[in-house]
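The values are calculated or read from the model by the stated rules, or taken from the named source; none is laboratory data. Worth saying up front: this structure is predicted, and the values here are computed from it rather than measured. Here Cβ is always computed from backbone atoms with ideal geometry, including for glycine, and neighbour counts include all displayed protein chains.
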Amino acid sequence: MPKVPKWMANAMESLFSGSYHPVQVTAVEDLASGLRKVCFEGDFSKSKKEFVAGNAIEFRINDTEFRHYTPSHFNQEAGVCEVWFYLHDKGPGSKWVIGLKPGQQLKLLGPGGKIKYDAKASCHVAFGDETSLGLFECLSAEARKQGHSFVGIAELDNANRPWAKVPDGNVVSTPKNDQEKGSYAIVELNKWLQNQAPERETIVFYLTGNAKSIVALKKSLLDQGFKSAQIQTEPYWSEGKPGL
Ligand SMILES: Cc1cc2nc3c(=O)[nH]c(=O)nc-3n(C[C@H](O)[C@H](O)[C@H](O)COP(=O)(O)OP(=O)(O)OC[C@H]3O[C@@H](n4cnc5c(N)ncnc54)[C@H](O)[C@@H]3O)c2cc1C
């Protein structure tokens, strides 16, 4: 639901008021030039859904548009949510983030989405790009809490490769391949599967970021005999498409 008429966006806020949580921006910090962490505080006690690591949230960024983001940290009881935003400067969401200042009042929608930390698995492998680094931080923290292992593979623009060190966890970076999406990440993942992976049944994969890269990685995993139940997917963006 990236874009709806203003009257509909207003009506949704009234109809689904239980899912819209008033929050205040409490801090803004640049983790790198182009990667911004924003902290929000509010009352999430009335939320109908319990946050599970990997879940996403949504913001109404103007009268007619909504954008999804993923908390890097979410504490429902304490009313704290943090998000790592990639400032690609290609759309209104990115520009909206640049304008966020401490003290600003907003409404946060969610949590929800398709990615959910699977506590039955003991090894958690995440794939994504600049937009997924907050997800990596969240999954990695949850894995530590549960005594599980975590590996992140991030395909990053060359200038952003150092960002792989920003999440507190085991993250490796690969370059992007615009001709064959996801191909360098597939090589890295296969190397890890051959050399370091535990029993295959214990692994769960979370594939996020660019839609075409996700398709390529999922195909590669299925071709290698992994079950689709072990592979969670959620495209975060697709070339030429505003707000997924
Ligand atoms: C469930 C979910 C969770 C997400 N979590 C996060 C998060 O935690 N942090 C985060 O930064 N983003 C996250 N995203 C991605 C974010 O919503 C998109 O990048 C979104 O496009 C930003 O909106 P925009 O208005 O800036 O650009 P849009 O108006 O949506 O897009 C404008 C143009 O920019 C292109 N574009 C969008 N993203 C990228 C990109 N990464 N690289 C290059 N071009 C791009 C689009 O294809 C389009 O052509 C998430 C998306 C989803 C669906």
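What to note about this one:
- Qualifying position, being within 19 Å of the chain's Cα centre (by Cα) and either outside any strand (DSSP E or B) or modelled with pLDDT under 95 (or both), among Asp168, Asp178: Asp168
- Among residues of segment 40-68 that are in a loop (DSSP other than H, G, I, E, B), those with a Cβ under 7 angstrom from a residue that is among the aliphatic types (A, V, I, L, M), sequence gap 6+ or separate chain, pair up as Ala53/Leu139; Gly54/Ile115; Gly54/Leu135; Gly54/Leu139; Asn55/Ile115; Asp63/Ala9; Thr64/Val4; Thr64/Ala9.
- The condition (being closer than 22 Å to Ala53 by Cβ, polar (S, T, N, Q) and surrounded by 18 or more Cβ atoms within 10 Å (Cβ to Cβ)) is satisfied by just one residue among Asn170, Asn210: Asn210.
- Just one of the numbered conditions (1) on the phi < 0 side of the Ramachandran plot; (2) surrounded by 17 or more Cβ atoms within 10 Å (Cβ to Cβ) is not true of Gly34: (1).
- Residue count for segment 69-96, restricted to those that are buried (at least 18 other Cβ atoms within 10 Å of the Cβ) and either without any contact (Cβ under 8 Å) to a residue 40 or more places away in the chain or in contact with a His (Cβ under 6 Å, 6 or more places away or on another chain) (or both): 1
- Considering (1) more than 16 Å from the ligand (Cβ to nearest atom); (2) assigned to a strand (DSSP E or B), the lone condition that Tyr236 does not fulfil carries the number (1).
- Residue, nearest to Leu189 (Cα to Cα), within segment 128-147, restricted to residues that are outside any helix (DSSP H, G or I) and touching a strand residue (DSSP E or B) at 6+ places or on another chain (Cβ under 8 Å): Gly128
- Condition check for Asp157: more than 14 Å from the ligand (Cβ to nearest atom) and either of a type outside the set (Lys, Arg) or closer than 28 Å to Glu239 by Cβ (or both): no
- Long-range neighbours under 8 Å by Cβ, at least six apart or interchain, first residue assigned by TED's automatic domain parsing to the domain that holds Val80 and outside any strand (DSSP E or B) within segment 19-36, second modelled with pLDDT under 95 and of a type in the set (S, T, N, Q): Ser19/Ser47
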